[in-house]
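Working notes for the structure below.
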Amino acid sequence: MKRIGYIVLGMLLLLCLGTVYSYSVFRKPLEATFRVGATLSGLPYMLALFFYALFMPVGGKLLGKYSPRFVALLGSVVMSLGWIGAGFSRSYLGLLAFYGVLCGIGVGIAYGVPLAVSVSWFPETPGIALGATVVGFGLSPLVTAPIARRLVEAAGPLAALRSLGVAFLFVTVPIALLLRFAESRETSTQNTPPPRTNLIRQGKFWALWVSFFFGTFVGLSTISITGPVAQEVVGLSYEKAALSVSLFAIFNGAGRPLFGYLVDRKGFKTGALLSYLSIIVASLLFFAYPHAVTYAFAFAVLWMNLGAWLAMAPATTYALFGRATYAQNYGMVFTAYGAGAIVGTFVSGVLRDLTGSYLTAFPLNALLAGGGIGAVFLLERFARKGGCA
């Protein structure tokens, strides 16, 4: 197989794993099914992203010992069983256990595999290779949200969860079995144990972690409320709200190769500052003028910026800490994503329940982006000094 084929396989695998981003299509139907409010209805999504991030380092360690096909297969099967189990849930706690925990674990184990495979085949352009591969995760709602919406309308949210889980099982297993590292990576992995690095004692690790946290806080909380905001604030129908989730996925996907290219050519600082400044503009604009046009613009920008961070963070991890321990190092950096998922989703739900509107989340987005700008300059400082805090 030509090396570009491994990027395509990675995109397809991540397309299935990324269906977690279509959760807002299920959110209001699940509120009606289990009779819960906005805070609780966001909890399965929040837990899925938390366990996804928590098990990224586990996936990285497994990838240091076992083949990519084994790790991808393990994660894919666990993720699929999570969706299927969620569809058979007869209680809200069952939904949390299967969708929130099991599905998240599976995604976390499998997610890093296609990234590590792609960068092994394209070591000369890691940002572009990683950005192209993770397009699949970002574009997933473009494909899966309309399918999920039709399944929900036809048979209800639980049947839709079951059906998607079965489909994922049949699609991801053959893909996982085809993944492998470039020969040079396989040889070096088998013969030389990767050197140990103590990331948590390095200032550049924490500056990157905080930058990633702010970016994912904004992006993940935005994705979780896209459908409800469309219906409650803008006044769109359920069908149009679900369609908007699909359309915004295009921007999420496009942000990955675009910002991966920026990191390769202009460096992390340029890409990160552009991301944060656009978040500030989009968030304040929608807060000041909440209607359909500003909704389309602001959410396109905010979805794009989540994609941007999911390209910039792995590429910057590779640049700062090297290739030998990339999977393990990015697993540690990726815990910022889990923290952003928990705090961002919880805060947006609480603000909605307390104030009666999701609009109050948008000034907070702008404030966090301002803090992120400070973290970017700290990262530049630590990187110049060699990374020690």
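A few remarks follow.
Results for (1) surrounded by fewer than 24 Cβ atoms within 10 Å (Cβ to Cβ); (2) among the charged types (D, E, K, R); (3) touching a Gly at 6+ places or on another chain (Cβ under 7 Å), shown as yes or no for each residue.
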{"position": "Ser283", "(1), (2), (3)": "no, no, no"}
{"position": "Ala288", "(1), (2), (3)": "yes, no, no"}
{"position": "Val293", "(1), (2), (3)": "yes, no, no"}
{"position": "Ala296", "(1), (2), (3)": "yes, no, no"}
{"position": "Ala300", "(1), (2), (3)": "yes, no, no"}
{"position": "Leu306", "(1), (2), (3)": "no, no, yes"}
{"position": "Ala311", "(1), (2), (3)": "no, no, yes"}
{"position": "Ala319", "(1), (2), (3)": "yes, no, no"}
{"position": "Arg323", "(1), (2), (3)": "yes, yes, no"}
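- Tally, over the range 74-132, of residues that are closer than 30 Å to Leu320 by Cα, in contact (Cβ under 8 Å) with a residue 24 or more places away in the chain and not small (Gly, Ala, Ser): 17
- Among the residues making up the range 170-180, those that are touching a residue at least 40 places away in the same chain (Cβ under 8 Å) and surrounded by fewer than 21 Cβ atoms within 10 Å (Cβ to Cβ) are Val171, Val173, Leu177, Leu178, Arg180.
- Per the conditions (1) open to solvent by less than 10 Å² (accessible area, probe 1.4 Å); (2) closer than 15 Å to Leu139 by Cβ; (3) not hydrophobic (A, V, I, L, M, F, W, C), the sole criterion not satisfied by Pro257 is (1).
- Test for Ile342: is it within 21 Å of the chain's Cα centre (by Cα), among the hydrophobic types (A, V, I, L, M, F, W, C), open to solvent by 10 Å² or more (accessible area, probe 1.4 Å) and modelled with pLDDT of 95 or more: no
- Any chance Leu30 is touching a residue at least 24 places away in the same chain (Cβ under 8 Å), within 22 Å of Glu153 (Cα to Cα) and open to solvent by less than 50 Å² (accessible area, probe 1.4 Å): yes
- Test: Leu93 is open to solvent by 20 Å² or more (accessible area, probe 1.4 Å) and either charged (D, E, K, R) or in contact with a helix residue (DSSP H, G or I) (Cβ under 6 Å, 6 or more places away or on another chain) (or both): no
- Residue in the range 131-149 that is under 17 Å from Tyr330 (Cβ atoms) and either part of a loop (DSSP other than H, G, I, E, B) or touching a strand residue (DSSP E or B) at 6+ places or on another chain (Cβ under 8 Å) (or both) present: yes
- Test: residue in the range 360-376 that is assigned to a helix (DSSP H, G or I), among the hydroxyl-bearing types (Ser, Thr, Tyr) and either in contact (Cβ under 8 Å) with a residue 60 or more places away in the chain or open to solvent by less than 40 Å² (accessible area, probe 1.4 Å) (or both): no
- Looking across Ser76, Ser22, one residue alone is at pLDDT 95 or above, buried (at least 24 other Cβ atoms within 10 Å of the Cβ) and part of a helix (DSSP H, G or I). It is Ser76.
- Residues satisfying the stated conditions in the range 143-152, i.e. touching a residue at least 12 places away in the same chain (Cβ under 8 Å) and either open to solvent by 20 Å² or more (accessible area, probe 1.4 Å) or in contact with a His (Cβ under 6 Å, 6 or more places away or on another chain) (or both): Val143, Pro146, Ile147, Arg149, Leu151
One line per residue, one yes/no per condition, for (1) β-branched (Val, Ile, Thr); (2) at pLDDT below 85; (3) outside any helix (DSSP H, G or I):
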site	(1), (2), (3)
Gln190	no, yes, no
Ile200	yes, yes, no
Ala207	no, no, no
Thr222	yes, no, no
Val229	yes, no, no
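- Figure legend. Inter-residue proximity from the range 302-322: first residues at negative phi, second residues basic (Lys, Arg), beta-carbon distance below 6 Å, spacing 6+ or different chains. Indicated pairs: Gly307/Arg256; Ala311/Arg256; Leu320/Lys204.
- Here the condition is being buried (at least 19 other Cβ atoms within 10 Å of the Cβ), at pLDDT 90 or above and assigned to a helix (DSSP H, G or I); of Ala167, Ala160, it holds for Ala160 alone.
- Filter result for the condition that a residue is surrounded by 18 or more Cβ atoms within 10 Å (Cβ to Cβ) and either touching a helix residue (DSSP H, G or I) at 6+ places or on another chain (Cβ under 8 Å) or farther than 11 Å from Leu220 by Cα (or both), over Val350, Val333: Val333
- Subset of the range 48-73 (residues that are without any contact (Cβ under 8 Å) to a residue 60 or more places away in the chain and open to solvent by 30 Å² or more (accessible area, probe 1.4 Å)): Phe55, Leu62, Lys65, Tyr66, Phe70
- Any chance Arg35 is at positive phi and among the basic types (Lys, Arg): yes
The values are calculated or read from the model by the stated rules, or taken from the named source; none is laboratory data. Being a predicted model, the structure only gives us computed values, none of them experimental. Ideal geometry is used to build each Cβ from the backbone, glycine not excepted, and the neighbour counts take in all protein chains shown. For the accessible areas, the whole protein counts, side chains as well, though only heavy atoms, and no ligand, DNA or RNA atoms are used. Shrake-Rupley method; radii C 1.70, N 1.55, O 1.52, S 1.80 Å.
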